[in-house]
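What follows is a short report on a single structure.
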Amino acid sequence: MSGANISSGVGMSVAPLVMDTLPAEDAGAVDQRRYYRPFIALLWSACAWTLARYGRAMDGYEIIILLGVAAILTWLTRRYAPLRTLLLAVAAASLAAIVLYRHDLTRAETHFALKYFLSSGAATMWMCVLFGMATLAYALHWWRRSPYAGQLATALAWAATAAGLTAMMVRWRESYLIAADIGHIPISNLYEVFVLFCLITALVYLYYEREYRTRSLGVFVMTIISAAIGFLLWYSSSRGADAIQPLVPALNSYWMKIHVPANFIGYGCFSIAAMISVAYLLRERGGAFFAARLPPAAVLDELLYKIIALGFAFFTLATILGALWAAEAWGGYWSWDPKETWALIVWLNYAAWLHLRIVRGWEGRVMAWWALVGLLVTSFAFLGVNMFLSGLHSYGQL
Amino acid sequence: MSNTTSRPVLRAAVRFLGSMNLAITLLVGVAMASVVGTVLKQNQPYPDYLAKFGPFWFEVFRSLGLYDVYTAAWFLFALAFLVFSVSVCLWRNAPLMMRAMRDYQEGRGRRQLERLKFRREFVSPCEITNARNVIQQALRRQGYRCRTRSAGPRHCTVAAIRGWGNRLGYLCTHSAVVLICVGGLLDGNVPLKVGTLLGRLRVETRDLPASEVPAESRLPRDNPSFRASVLIPEGQRADAAYVNVADGYLLQPLPFVVALRKFRIEHYQTGQPKSFESDVTLSKPGWTAPRDYTIAVNHPLSVEGYTLYQASFEDGGSRLRLQLHRWRSPDVEELEARVNTTVTRDEDGRELRLEFTDFRRFNLNPAPAEDGARRAFIDYGPSFTYRLRQADGTAREFVNYMQPVTLQGRAYFLSGVRDSPADELRYLHIPADEDGTPDQFLSLARALYDDSRWARVMPRVLEDAAPAAARDATLHSNLEQALRRLLILFRQGGLDAVLNFVNAVVPEAHRSAAGEAYVKLLQTALRAFYDDIQPPPRPVSAAAEQERNLFLKDAFAALSVLPLYGSPFYLSLSGYTEVLASGLQITRTPGKRVVYLGFGLLLAGVFLLFYVPYRRIWACLEARGDETRVLLAGTALRHEPDFDREFSRLAMKVHRDTGARPMPPVATLAGTPGQRET
């Protein structure tokens, strides 16, 4: 189980990597440095201003979360440069929305910019439209191998992410405009977490797109985001799920702010992993057509491992946070509630996958199929439990 | 490996237990077994399972422990086996890993290194010591720890390791799994299972007050680990809680007394509940004074190792002021009752028991979505629940609302009824009159059951229904008899009985016409009764006439199903004093610290394992006059493509800093093992 036998590299087989000649760090060095310091200065000034102005209204946990977010963004934007532009755009749009609302929610219907762009409903719609267009552009890029379509696709995906993130920020504000005690972070029901899912999946994908300098996986990942968008549209139009509802008492806790996003990094990564598996299987068996349009199998394999590892790490974090929260809200860190149990099943599944991959060095088709089946298990834990099983964790009923 | 034992069988057993294959099998096995408990709802009352699966499968599933999978012996065994396997794996590998971390393997010879996949070889025009220094510096800057061994002045090897944290990650994650499981076991209810199996504890299934629970169903007061719950009505106290086991419970005496002063529910402006809070007072023999606390959802109370949670609430014996309206008597009986008590009434010589089971001050229901998007809630107002138990033991459950509820523009008093808790409630819609009371409908119903009134009303009905019959005495008498039969039928069996009768006696071709005629006749009769008890104002306005018609339509619908209602009276609520009971969960979890330590280790371990790469690099230096021949070789546990990049960069740097001749084109990963570079 140890794999301690590191000293012999003999016998491992890694196919040749046909990548760009320059390591990504060197090529992107200029880009990576671009306005990092001004950005960080702005970020921490904003943080300091928030504390100075609203610190008295915040409790200890909220202050810790604020500082934690600033620290995480400092670290993240250093490695992931385009995030700076995204965050600036979202901050500008959100602040504009706050100013335009003037403490009056009804202005969402009357003010032009709010009605068509900045209210959370409009911004969510823009996110849906832009992700849809990004999917088409990625498909075109993949099919015709057109570099222009590829650039357009990436730009659209970033725009969609900006729109979605703005929608969440503005929705957060809108919830406080309904009534002060109703206000809460918009990750409390199925509609809201679906938006979160799209955003996180897109951000993780876009990171690896940059890192690996290939847009050929975009069409696969965007397909799953489009599926989520389809559900979102159906859910809001037929069930009126986009209405802001007050929190049930059990959800009214600072834990929600960290448990839910951590979980969705896990879900997002596992979904991307499943789509990379599809690409891998097509690359392996699809002949010249797919060979010309997809990265080499070894790259896909490496990417698959990295993304599952990332997802697993955050899923572990999320499950542990969930247990800590459960200990406060339900009176026990583990109750074998269906949602908990399915989280454990997902965790065990990917733990087994990682063991085989790391220790046994399994690669290839079996692991790809396994990651694909893993998505079914993950989807059941995410959605199926809410639909078919009942338990303590029955938020976001369909 | 395991030189602790020399016996081959034992050694094979240890190897098997610590093997990856077993661990993977167990991981997947436990995952699959866990599914069972989520698909089958756990810890329900046994009769529910019996009703669901039938006697045969009920017994099979019970013996497999499927009603409480997670404490079933086989499941715990699988879990214990997994923990044991992980422990053996740790025990076997941890010493090896620690040793490997200290072992730089600086004694590796050139030939061994030439077999590694990652290699660069070049000649530098500098002395061996300079070259060594450059290499050591470059490696250290990359985060490697180095050790150098010189074999004479002309040969030396620099061996470097990076990623001690990775190995630490392995140790952390695997010991975390063991810790979490052991801690979970400490807090689980395995001791209770063992106690009941050995007969030291007996699960109590009767509904007894705490003081009467027999000694063999009581857990020790100093029980180190339990998860119990107790329901305390406002103004009352508890010094014990209940631990649910299988189809019964065990009593857990507490070292303190919990008194509930007040249970509060706050609401959002939309009506949904915002918070549940209990104001409690705890007192304990050793304390100088009782202590006051507030327990809320997400804000448990910790006292001396015990934790108290807000878990649920229900009615704690609200006082209800009721009015009993019998269909057959004009008198209204005033009644006082408390929830969770029983009132007995004698109806037509039969004893009926009214078991009051619940009272709710608010009944929030989604408002019918008119604008589509925004869902709001409306409050249907207070309701109470009671069971009407016949002398033979059968019971019906009724849920009555205190205030009229507006449905599609009309106001009704709702009264839900069902025969078993598994059924959906079916509602009797009693139309509210102009004063917002059910009185007019109740008088109308009573009129229908009042034979003396018939004689007065009947001629009027006939006059309205068949004016021509007044001239023919025989026809008149036949018609009157027919109408009387129809009304009796309607009174006994509702509209269903009338339609069944039509189906039975009328040929198929005329059925729908006959049915319609009967319904019309009944409606005419009802109107006559209504005119009799509530004469229309003269002159009648169009609006008032319309209102009367609508009321009659609703009343007819309600009377049509009244026999199915199955109660000789209607019970209305005229006032109440609400008393709530707070459900508290009280736990003692000594394993929590162990589990949390495990959580911390697991998290740290997972990130270390994935994000601290474990790598080794060797540099084999050989002096050739003033020049130095350098062989760099390396190996990585995973992330080989990343290592490839790092290794290339390092090699390039060393190459540059030692001023070597232009490096020949190298095949990096593409090179086959053992192939020499020129």
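The values are calculated or read from the model by the stated rules, or taken from the named source; none is laboratory data. Just so it is clear, the model here is predicted, and its values are computed rather than measured. Quick reminder, even Gly has a Cβ in these numbers, built from the backbone with ideal geometry, and neighbours come from all protein chains shown. Calculation scope for accessible area: heavy atoms of the full protein, side chains included, ligands and nucleic acids excluded. Shrake-Rupley method; radii C 1.70, N 1.55, O 1.52, S 1.80 Å.
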TODO: Might you let me know whether segment A:271-288 holds any residue that is in a helix (DSSP H, G or I), under 22 Å from the mean Cα position of the chain (by Cα), facing chain B (nearest Cβ under 9 Å) and not basic (K, R)?
DONE: no
TODO: Would you mind telling me which numbered condition in (1) more than 25 Å from A:Y61 (Cα to Cα); (2) touching a helix residue (DSSP H, G or I) at 6+ places or on another chain (Cβ under 7 Å); (3) more than 7 Å from chain B (Cβ to nearest Cβ) A:S379 fails?
DONE: (2)
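Table: residues versus (1) open to solvent by less than 30 Å² (accessible area, probe 1.4 Å); (2) modelled with pLDDT of 85 or more; (3) closer than 27 Å to B:P191 by Cβ.
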{"site": "B:S2", "(1), (2), (3)": "yes, no, no"}
{"site": "B:A31", "(1), (2), (3)": "yes, yes, yes"}
{"site": "B:A51", "(1), (2), (3)": "no, yes, no"}
{"site": "B:W57", "(1), (2), (3)": "no, yes, no"}
{"site": "B:F61", "(1), (2), (3)": "no, yes, yes"}
{"site": "B:D68", "(1), (2), (3)": "no, no, yes"}
{"site": "B:T71", "(1), (2), (3)": "yes, no, yes"}
{"site": "B:L79", "(1), (2), (3)": "no, yes, yes"}
- [ ] Consider B:L282 carefully, then state whether it is within 14 Å of chain A (Cβ to nearest Cβ) and crowded, with 17+ Cβ neighbours inside 10 Å.
- [x] no
TODO: Within segment B:438-464, count every residue that is surrounded by fewer than 17 Cβ atoms within 10 Å (Cβ to Cβ), free of Cβ contacts under 8 Å to residues at least 60 places away in the same chain and more than 23 Å from B:S329 (Cα to Cα).
DONE: 2
Task: helices (runs of 4 or more DSSP H) (entirely within segment B:1-78) containing at least 2 residues that are within 14 Å of chain A (Cβ to nearest Cβ) - done: B:8-17, B:20-39
- [ ] Could you look through segment B:569-587, keep only residues that are away from chain A (no Cβ under 11 Å) and of a type outside the set (S, T, Y), and pick out the one that is surrounded by the most Cβ atoms within 10 Å (Cβ to Cβ)?
- [x] B:A581
Open item on the list: So in segment B:286-330, with the set limited to residues that are among the basic types (K, R) and assigned to a strand (DSSP E or B), which one is farthest from A:L251 (Cα to Cα)?
Closed with: B:R326
- [ ] Return yes or no: is A:L130 open to solvent by 20 Å² or more (accessible area, probe 1.4 Å), in contact with a helix residue (DSSP H, G or I) (Cβ under 6 Å, 6 or more places away or on another chain) and under 22 Å from A:I187 (Cα atoms)?
- [x] yes
Open item on the list: Suppose we filter segment A:335-347 for residues that are facing chain B (nearest Cβ under 7 Å) and surrounded by 21 or more Cβ atoms within 10 Å (Cβ to Cβ); how many remain?
Closed with: 4
Task: Selected residue (criterion: modelled with the lowest pLDDT) from residues of segment A:319-352 that are touching a His at 6+ places or on another chain (Cβ under 6 Å) and in a helix (DSSP H, G or I) - done: A:K339
- [ ] Could you please give the count of residues in segment B:606-649 that are under 17 Å from B:L113 (Cα atoms), among the hydrophobic types (A, V, I, L, M, F, W, C) and open to solvent by less than 10 Å² (accessible area, probe 1.4 Å)?
- [x] 11
TODO: Give the residue that is farthest from A:P249 (Cα to Cα), with candidates limited to residues of segment A:138-197 that are surrounded by fewer than 22 Cβ atoms within 10 Å (Cβ to Cβ) and of a type in the set (S, T, N, Q).
DONE: A:S146
TODO: Give, as residue ranges, the helices (runs of 4 or more DSSP H) completely inside segment B:107-219 that count at least 2 residues that are β-branched (V, I, T) and at pLDDT 90 or above.
DONE: B:128-141, B:164-187
- [ ] Could you grab me the full set of residues in segment B:183-221 that are under 18 Å from B:K592 (Cβ atoms) and open to solvent by 70 Å² or more (accessible area, probe 1.4 Å)?
- [x] B:L185, B:L186, B:P191
Task: In segment B:292-303, residue nearest to the chain's Cα centre (by Cα) [restricted to those that are touching a residue at least 12 places away in the same chain (Cβ under 8 Å) and open to solvent by 50 Å² or more (accessible area, probe 1.4 Å)] - done: B:T294
TODO: Quick one: which residue in B:R656, B:R638 is under 57 Å from the mean Cα position of the chain (by Cα) and either at pLDDT below 75 or outside any loop (DSSP other than H, G, I, E, B) (or both)?
DONE: B:R638
Task: Pick from segment B:256-279, criterion in contact (Cβ under 8 Å) with a residue 40 or more places away in the chain and open to solvent by less than 30 Å² (accessible area, probe 1.4 Å), ranking: nearest to the other protein chains (Cβ to nearest Cβ) - done: B:Q272
Task: Selected residue (only one of B:A289, B:A259 is out of contact with any helix residue (DSSP H, G or I) (no Cβ under 8 Å at 6 or more places or on another chain) and closer than 13 Å to B:L584 by Cα) - done: B:A259
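Residues checked against (1) closer than 25 Å to B:Q585 by Cβ; (2) buried (at least 21 other Cβ atoms within 10 Å of the Cβ):
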position	(1), (2)
A:A279	no, yes
A:A288	no, no
A:A291	no, no
A:L300	no, yes
A:A326	yes, yes
Task: Residues (open to solvent by 30 Å² or more (accessible area, probe 1.4 Å) and either assigned to a loop (DSSP other than H, G, I, E, B) or among the aromatic types (F, W, Y) (or both)) located in segment A:98-127 - done: A:R102, A:H103, A:D104, A:L105, A:T106, A:H111, A:F112, A:Y116, A:F117, A:W126
- [ ] For segment A:244-270, enumerate the residues that are assigned to a loop (DSSP other than H, G, I, E, B) and open to solvent by less than 10 Å² (accessible area, probe 1.4 Å).
- [x] none
Open item on the list: Can you say whether B:Q142 is surrounded by fewer than 20 Cβ atoms within 10 Å (Cβ to Cβ), within 19 Å of B:F647 (Cα to Cα) and out of contact with any Leu (no Cβ under 7 Å at 6 or more places or on another chain), as far as the supplied structure shows?
Closed with: no
- [ ] Restricting attention to segment B:231-261, report how many residues are out of contact with any strand residue (DSSP E or B) (no Cβ under 6 Å at 6 or more places or on another chain) and assigned to a loop (DSSP other than H, G, I, E, B).
- [x] 4
TODO: Look through A:T201, A:T223 and report the one residue that is open to solvent by 20 Å² or more (accessible area, probe 1.4 Å), among the β-branched types (V, I, T) and under 17 Å from the mean Cα position of the chain (by Cα).
DONE: A:T223
